[in-house]
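Let me begin by presenting the structure, written as structure tokens, before commenting on it.
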Amino acid sequence: MPSPAIAALDAAALPYRLVSHGAVGSLAEAAAARGVAVADVVKTIVVRRGADDHLFVLTPGDRVVSWPKLRALLGVHRLSMPDAAGALAATGYERGTITPFGASTAWPVVADERLRGRTITLGAGERGLAVAVDADAAITALDATVADVTDPQPTR
């Protein structure tokens, strides 16, 4: 029986390629294991607007959520990220496996505009498993709002 993420991709008739890889400890390791650039490893960030009100933000791996940009887009003054237990309760997925596909609740999705026109990889709801998909097709399937909501990843 496929995972909820795979079942949702199949139900959406969205073409994808499964990418199975072992455990990874960083975004760079995930990119290497998936055979893609860091920017093509999409992070699915769960954002809390209020009690039982969340959304997914899809960001390129080499960028971070710009909280001022996201707040302006959503017209709110306050956003937060749930802890691991809160993210699991909101999505049905553990951190590191979260994807909007097949989540226990179909929260709204915001996709950073830099994803357009690319092939991206997303978590597939299970550790060590990802899917490669056309970003534009995924954005359409998710009925995502596309906007500039990220900043470059700070260098260390």
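The values are calculated or read from the model by the stated rules, or taken from the named source; none is laboratory data. Please read these numbers as outputs of a predicted model, since none were measured by experiment. Side chains included, ligands, DNA and RNA excluded: accessible areas come from the protein's heavy atoms. Shrake-Rupley method; radii C 1.70, N 1.55, O 1.52, S 1.80 Å.
Counting protein heavy atoms only, the range 2-93 has 57 percent of its accessible area on carbon and sulfur, 1.4 angstrom probe.
Accessible surface comparison of Trp107, Trp67, probe 1.4 Å, protein chains only, largest first: the order is Trp67, Trp107.
Restricting attention to the chain, close to 75% of DSSP beta bridges with both partner residues there are antiparallel. Does the range 68-156 classify as rounded, prolate or oblate by the C-alpha gyration tensor (a ≥ b ≥ c root eigenvalues; a/c under 1.5 gives rounded; else a/b over b/c gives prolate, otherwise oblate)? Verdict is rounded for the range 68-156.
Accessible surface for the range 95-156, divided over its residues, is 47 Å² per residue with a 1.4 Å probe.
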